[in-house]
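Reviewing the structure listed below.
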Amino acid sequence: QQFNSGASNKITEWIFAGSIDYDINSKDHLKGRYQMDRGVQATGTDPINPVFNATSIQPEYNGQLTETHTFNSTTVNNLIVSGAWYQALFGPPSFSAAIAKFPTTINFSGTASPFTALGGTDNNYPQGRIVTQYQIRDNLSKVIGNHDIKIGADYRRNLVSDYSALAGTCLLYTSD
């Protein structure tokens, strides 16, 4: 009772990163960075039909700009604006094509079962999340004698979309 398969599933990744430092004038300095990550993670490989393979396309983008203004030798302001976006959604590359091919997942139970699930594991998908974050931060520093006085504000917003509730939309049959 043995089944061998040479099935494969694609994994790709590429990353771009860049930064800049720029003296606008003697009192203003600008610093920026940006990163982009584009990847496809092979989540599950179906030995029967690649339409049931599961992947996760996981792009990520983030960047930040910092502007530092020096008013004088005792007073400095620092402004930071940043943002990020990330996605990790899991499932077949085309959920509709997988469901059209075989609209049910059939699991063969038992620890000694030699069979793989038919219809992939589509009942587990789609699932994942999309996350967006942005931030604005401003800080003013002033030296007065032996004292450092700092005042600032920091606003952050995180938006998270959870797609795990969509799992189970495909029929599941478990045989004994």
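The values are calculated or read from the model by the stated rules, or taken from the named source; none is laboratory data. A quick note: this is a predicted structure, and the numbers were derived from the prediction, not measured. All Cβ positions, even for glycine, are placed from backbone atoms using ideal geometry, and neighbour counts span all protein chains on display. To get the accessible areas, we keep the full protein, side chains included, count just its heavy atoms, and leave off ligands, DNA and RNA. Shrake-Rupley method; radii C 1.70, N 1.55, O 1.52, S 1.80 Å.
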Environment charge of ARG38, counting only residues whose C-beta is closer than 10 Å and scoring Lys/Arg +1, Asp/Glu -1: -3
What is the gain in length, in nm to one decimal, between GLU13 and THR68 on full extension, counting 0.36 nm per residue of separation less the C-alpha to C-alpha distance? 16.3 nm
Neighbourhood charge, 15 Å Cβ-Cβ cut-off, centred on VAL131 and excluding it, Lys, Arg +1 and Asp, Glu -1: 0
Ranking request for peptides 18-24, 118-124: highest mean number of other beta-carbon atoms within 10 Å first, then the rest in descending order. 118-124, 18-24
Note down the net charge around PHE16, summing +1 for each Lys or Arg and -1 for each Asp or Glu among other residues with Cβ under 13 Å from its Cβ. -1
Please pull out the direction-averaged projected area of the chain, using the convex hull of its alpha-carbon atoms, in nm² to one decimal place. 15.4 nm²
Give the Kirkwood hydrodynamic radius (Å, one decimal) of region 1-50, defined as one over the mean of 1/r across all pairs of different Cα atoms. 15.3 Å
For TRP14 the rounded accessible area (nearest 10 Å², probe 1.4 Å, non-protein molecules ignored) is 130 Å²
On each of the three principal axes of the Cα atoms of region 2-86, give max minus min coordinate, whole Å, ordered largest first. 77, 18, 15
